[in-house]
Amino acid sequence: MTTRILERGDRIFGIERRLFLRQALSLGALSLLTGCDISDDDEVQNILNFMSRWNDKAQALLFNRERLAPTYPESSVVRDFRYNAFFPADQAPQLAAGDYRLELSGLIEDKRPWTLDALYALPQESQITRHICVEGWSMIGKWSGTPLRLFLQRVGADLSARYVGFRCADGYYGSIDMPTALHPQTIMAFKFADDILPPKYGYPFKVRIPTKLGFKNPKWVSTIYVTNRMPGGFWEDRGYNWFSGS
Amino acid sequence: MTMLAKESPKASNPVATPRDGQRHPLLRRITHWLSALAILIMIGSGWRIYNYYPVLPGGFQFPPAYTLGGDYTTSEALHNEDGLASALGWHFAGMWLLALSFAIYVIYGLASGHFRRDFLPIRPSALLRDFFDALRGRLEHRLGHYNTVQKAFYWGVMFAILIMILSGLSIWKPVQFQELTWLFGGYEVARVVHFVGMAAIVGFLVVHVVLTILVPKTFVAITIGRASSPGRQRRADGELR
């Protein structure tokens, strides 16, 4: 009698288990089919963000201040460089040379704004480097301008601070680590392919950083500031990795 | 693996039948399954990342449903971007899991003698014979016995994973690891290598899973540690048939 009940119990359990398995399988298949995967779950996002902070640290360790990005011959420069922003090219900010002022703030001694003429009077260098987008495409371009390091020294920035932040005329914002800001190839690029930067490429200047992904190279820069508080960035605040070094 | 030379309980059997068996130590099982999980994460998120700038001519794209990175519209609503950030998040988290579990798996496999005992030797003649037997569907799959095609396959997939890690590093860090990127023929070529390596691993996975379905006890062994099945009788020349 007892045995029989146990047997029945076992069978019911077995059927339930099979049903459960079948449901789990079809749930899995359903989630695959609808593309509604676990990525949007808050806990998963927390784990991914944690790993992204970890990767910031790993990349800061890997970053070598003396290591230069590879450079290329003039012949490999792409002149019709890909336009990239979150708005169409004809909506790019049109800044007037006479009105433009570069504002400075944060841990900087001399915060007087800079006119474009004053900026153009600074020493300039050229580089032919590969611009790599986080989406995977890459293009070789030629940029000319003033090393950011030289500019930061000139205005008396606290070079022992942790971050250099940028605010842009189009509402974009971003920030980089101080070692990258002081890297010899990090320049305030006033020219592309030997011509004054056209509005769609970031007139009057973009910060060209060949040791970082493309979105870490802000265009239409209107303010530079130095800080010890992590300033984040437009795409970084949407889940992209902050350091994003190459 | 070593044979579990257990006596058959059937007294009626005139010849003692050895049982085929397979044992996998705990560390091998853990690193196998963690590597498997990491590889699925890397493939799923890699397909989503690939879709943003396809390597293949003609712009072939992977169906979003088979990629990892979240639903496009949900992602747009929650994070203000359509899922590339999550896919990259998965990829750069998964790479640590893959590198760690794969490194431990390989070091343990080499140190414990598992690779030498089970994945070697690979004689060209045996490889050819087993390959054509496999094509004709006449290759036996016995628990704990690795045929030459199988041995070559395991070396092949481990090589492919190594190439994936190295080409991945040269795409991730084309400045810091520029010598490595140069070895792969530059940034753009490294991306193609990274794609081809993925295709090779997916190809391996298909065969690996199909054969596991055909010999399900291998799944038992790699999961709970051991499995066995009745062996074949030994022929007069000692060859197992």
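Considering only the stretch A:105-117, state which residues are under 25 Å from the mean Cα position of the chain (by Cα) and part of a strand (DSSP E or B).
A:Ser105, A:Gly106, A:Ile108
How about the stretch A:96-143: which of its residues are within 14 Å of chain B (Cβ to nearest Cβ) and hydrophobic (A, V, I, L, M, F, W, C)?
Listed by number, the residues that qualify are A:Ile132, A:Cys133, A:Val134, A:Trp137, A:Met139, A:Ile140.
In the stretch A:127-150, which residues are closer than 24 Å to A:Thr115 by Cβ and touching a residue at least 40 places away in the same chain (Cβ under 8 Å)?
Listed by number, the residues that qualify are A:Trp143, A:Ser144, A:Gly145, A:Thr146, A:Pro147, A:Leu148.
Looking for something in contact with a His (Cβ under 8 Å, 6 or more places away or on another chain) and crowded, with 20+ Cβ neighbours inside 10 Å - is there at least one such residue anywhere in the stretch B:156-165?
Yes, because at least one residue in the stretch B:156-165 is in contact with a His (Cβ under 8 Å, 6 or more places away or on another chain) and crowded, with 20+ Cβ neighbours inside 10 Å.
Search the stretch B:63-82 for residues being outside any helix (DSSP H, G or I) and facing chain A (nearest Cβ under 7 Å), and hand back the single one that is surrounded by the most Cβ atoms within 10 Å (Cβ to Cβ). Step through it out loud before you land on a result.
The initial filter retains those residues of the stretch B:63-82 that are outside any helix (DSSP H, G or I), namely B:63, B:67-71, B:80-82.
With the extra rule that they be facing chain A (nearest Cβ under 7 Å), the set shrinks to B:68-71, B:80-81.
Numbers: B:Leu68: 25, B:Gly69: 28, B:Gly70: 32, B:Asp71: 19, B:Asn80: 13, B:Glu81: 18.
Among those residues, the one meeting the criterion is B:Gly70.
In the stretch B:88-115, what residues are more than 8 Å from chain A (Cβ to nearest Cβ), buried (at least 20 other Cβ atoms within 10 Å of the Cβ) and either hydrophobic (A, V, I, L, M, F, W, C) or in contact with an Asp or Glu (Cβ under 8 Å, 6 or more places away or on another chain) (or both)?
Within the stretch B:88-115, B:Met95, B:Leu98, B:Phe102 qualify.
Just the residues that are surrounded by 14 or more Cβ atoms within 10 Å (Cβ to Cβ) and more than 7 Å from every other protein chain (Cβ to nearest Cβ), please, taken from the stretch B:50-60. Break it down stepwise before answering.
Of the residues in the stretch B:50-60, the ones surrounded by 14 or more Cβ atoms within 10 Å (Cβ to Cβ) are B:50-55.
Answer for the stretch B:50-60, where residues must be surrounded by 14 or more Cβ atoms within 10 Å (Cβ to Cβ) and more than 7 Å from every other protein chain (Cβ to nearest Cβ): B:Tyr50, B:Asn51, B:Pro54, B:Val55.
Give the number of residues within the stretch A:193-241 that are more than 14 Å from chain B (Cβ to nearest Cβ), among the charged types (D, E, K, R) and under 16 Å from A:Arg53 (Cα atoms).
The qualifying residues number 1.
Looking only at the stretch B:144-186, which residues are within 13 Å of another protein chain (Cβ to nearest Cβ), in a loop (DSSP other than H, G, I, E, B) and touching a Leu at 6+ places or on another chain (Cβ under 7 Å)?
Of everything in the stretch B:144-186, those that are within 13 Å of another protein chain (Cβ to nearest Cβ), in a loop (DSSP other than H, G, I, E, B) and touching a Leu at 6+ places or on another chain (Cβ under 7 Å) turn out to be B:Lys173, B:Gln176, B:Phe177.
Quick one: which of A:Leu95, A:Leu102, A:Leu152 is assigned to a helix (DSSP H, G or I) and surrounded by 15 or more Cβ atoms within 10 Å (Cβ to Cβ)?
A:Leu152
Within the stretch B:116-125, how many residues turn out to be in a helix (DSSP H, G or I) and either loosely packed, with under 15 Cβ neighbours inside 10 Å or hydroxyl-bearing (Ser, Thr, Tyr) (or both)?
Residues in the stretch B:116-125 being in a helix (DSSP H, G or I) and either loosely packed, with under 15 Cβ neighbours inside 10 Å or hydroxyl-bearing (Ser, Thr, Tyr) (or both): 4 in total.
Since every read-out is calculated from the coordinates, none of them should be taken as a lab result. None of these values were measured; they are calculated from a predicted model. Ideal geometry is used to build each Cβ from the backbone, glycine not excepted, and the neighbour counts take in all protein chains shown.
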